[in-house]
Amino acid sequence: MTYYLKETPWDKRTLNIDTYELTSLDVEAFQETMDRDGHFTVKVDPFFDKKVLREYGFYYADTLLEPRCRSGELKVFEKEGVTLDSNGDKQVILDIAEHAFVHGRFHRDFHIPNELADLRYVRWLEDLYDQNQVYFLYYQGDLTGFFGFDSNKVLLLGIGKEFTGLGLAKPFLSSGCLKMLSLGYEELTTSISAINLSSLNLFQSLGFKLKRSVDVYHKLNGKALTE
């Protein structure tokens, strides 16, 4: 029986192995990872004792920064032709997502092929779409990107390659944030990989401020992952 491991089926369907996230930092939680195959994730404070992580076979994957923005602190950027809609072509945004993310913790995990890391994001976006948690971003009538969210948290933002360099990121993000605030939330949050400086700068330009960070460690037991 598992006491300290939470199954993550959204990862399992992509990696094709059992996947778990530790729900505790007690030594018993780490012990539960010793005698079962699968991929494991644990999130810890940056000052957490790394000796324990090494002892149980965990390796560093990423550092996540968590900026937040109060409703009255949001800086809004506008651009003529930028609109946001709940309706759009699902396949178009899935195609955009396939190449939109290169800084995620699964991309940085040397055990996971990039193709599987890309597929994980695509399927995550598809799940958000099925749950009505995606806004479609348009510029001059063309579908150019997507904005994925959950409650007050900004999860995914992607813009098609052919529309980069047009100054759309700030007005697109502004539109999505304003839509979320219109639902009654007083504070918005997001999570950004520490190496994704362009995304961090984007959110900070809108008034998001760093509140905390968390280190992410992975572990793989069993056979190597393949595409």
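Identify all residues within region 72-98 that are surrounded by fewer than 16 Cβ atoms within 10 Å (Cβ to Cβ) and under 21 Å from Ser191 (Cα atoms); write none if there are none.
Listed by number, the residues that qualify are Gly72, Glu73, Lys75, Val76, Glu98.
Consider Ser182 carefully, then state whether it is closer than 17 Å to Arg68 by Cβ and outside the structural domain of Gln31 (by TED's automatic domain parsing).
Numbers: closer than 17 Å to Arg68 by Cβ: no; outside the structural domain of Gln31 (by TED's automatic domain parsing): yes.
It is false that Ser182 is closer than 17 Å to Arg68 by Cβ and outside the structural domain of Gln31 (by TED's automatic domain parsing).
Tell me which of these Gly88 doesn't satisfy, since it passes every other one: (1) out of contact with any Phe, Trp or Tyr (no Cβ under 7 Å at 6 or more places or on another chain); (2) more than 27 Å from Arg212 (Cβ to Cβ).
The failed condition is (1).
Please give the number of the condition Asp62 fails out of (1) surrounded by 20 or more Cβ atoms within 10 Å (Cβ to Cβ); (2) more than 15 Å from the chain's Cα centre (by Cα); (3) over 15 Å from Thr190 (Cα atoms); (4) in contact (Cβ under 8 Å) with a residue 60 or more places away in the chain.
Only one criterion is unmet by Asp62, namely (2).
In region 132-165, what residues are of a type outside the set (Ser, Thr, Tyr) and more than 25 Å from Cys69 (Cα to Cα)?
Hits for region 132-165 are Gln140, Gly141, Asp142, Leu143, Gly160, Lys161, Glu162, Phe163, Gly165.
Among the numbered criteria (1) crowded, with 18+ Cβ neighbours inside 10 Å; (2) closer than 19 Å to Ala117 by Cβ, which single criterion is violated by Ala194?
(1)
Go through region 1-103 and tell me which helices (runs of 4 or more DSSP H), entirely inside it, have 3 or more residues that are among the small types (Gly, Ala, Ser) and modelled with pLDDT under 95.
Fully inside region 1-103 and qualifying: nothing.
Tell me which of these Gly184 doesn't satisfy, since it passes every other one: (1) closer than 21 Å to Val102 by Cβ; (2) loosely packed, with under 14 Cβ neighbours inside 10 Å.
(1)
The values are calculated or read from the model by the stated rules, or taken from the named source; none is laboratory data. In this text the structure is predicted, and so the values were computed from the model without any measurement. No Cβ is skipped: glycine too gets one built from the backbone with ideal geometry, and neighbour counts run over all protein chains shown.
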